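In what follows, a single structure is set out as structure tokens and then discussed.
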Amino acid sequence: MITDYSIQAVAINAIPLIFAITIHEAAHGYAARKFGDNTAYVLGRVSLNPAKHIDPVGTILLPLVLILTGSPFLIGYAKPVPVNYGRLRNPKIDSIWVALAGPGSNFIQAVAWAALWVILQGIQLYEPFFTAMAEAGVKWNLALLVFNLLPIPPFDGGRILSGLLPTRQSLALNQIERWGFFIVLGLMFTGMIGSLWMQPLGDFFLEIINLLVTPLKMIF
């Protein structure tokens, strides 16, 4: 989360955050196309162009309001990629893979940024700006990975849980989708998401990332 809104802090965080959001959304569309639904592809949403994924409220207005009000945390969201689940070859199972594609892309990006950080340290290139950017890349992608895995529709975790549950329970879970974002906002303001979800799950994935970049640490 950004707590320093200086020009330097924004510059350091902007690139990894834009990549994190853009690739996350494009990954959903790419996976959907692979499993039989080309809705996102036809609409130009399988793209690495950030403009394709900007939501006026979630990407611009909400973060801006939080910044101007001096909020200690910053949240936002991109324009959801449209997926016609009825077009998927096996909707029940394929929907899980489509939902996993976004968080999966953030995990891969987090590993890549961590590897870059190790390489920068290994070649003794002590450039504060790029080192801080690599660290921000890990943090932002971990945050998006964990946040989107919340088992509440319309978040990716909710889609995954819906695909895993029996049909009756899945339909019942999907009924709360219209209220999902407001439920999460409420949980955020109470601090429950941070202490019970974001922190422990973030630490878990960070340990996995550290294990994956261990060979690089040994090389350098």
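The values are calculated or read from the model by the stated rules, or taken from the named source; none is laboratory data. Bear in mind the structure is a predicted one, so any value in this text is a computation, not a measurement. All Cβ positions, glycine included, derive from the backbone under ideal geometry; neighbour counts span all protein chains shown. These accessible areas exclude ligands, DNA and RNA; they are computed on the full protein's heavy atoms, side chains included. Shrake-Rupley method; radii C 1.70, N 1.55, O 1.52, S 1.80 Å.
Listed here are the residues, each with its yes/no results for (1) modelled with pLDDT of 90 or more; (2) closer than 25 Å to Asn90 by Cα.
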position	(1), (2)
Gly158	yes, yes
Leu171	yes, yes
Phe181	no, no
Val184	no, no
Gly191	no, no
Thr214	yes, no
Met218	no, no
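Residues that are within 24 Å of Ala14 (Cα to Cα) and in a loop (DSSP other than H, G, I, E, B) within segment 115-149 comprise Leu125, Tyr126, Glu127, Leu149, listed in sequence order. For Pro153, state whether it is in contact (Cβ under 8 Å) with a residue 24 or more places away in the chain, open to solvent by less than 20 Å² (accessible area, probe 1.4 Å) and either among the β-branched types (Val, Ile, Thr) or not in a helix (DSSP H, G or I) (or both). Criteria met by Pro153. Considering only residues in segment 174-191 that are farther than 17 Å from Val57 by Cβ and among the small types (Gly, Ala, Ser), the one that is surrounded by the most Cβ atoms within 10 Å (Cβ to Cβ) turns out to be Gly186. Only one entry in Leu171, Leu211, Leu196, Leu161 is without any contact (Cβ under 8 Å) to a residue 60 or more places away in the chain, buried (at least 18 other Cβ atoms within 10 Å of the Cβ) and either among the hydroxyl-bearing types (Ser, Thr, Tyr) or more than 25 Å from Ile18 (Cα to Cα) (or both), namely Leu161. Quick check on segment 37-49: of everything there that is crowded, with 17+ Cβ neighbours inside 10 Å and not β-branched (Val, Ile, Thr), which residue is modelled with the highest pLDDT? Ranking the candidates gives Asp37 first.
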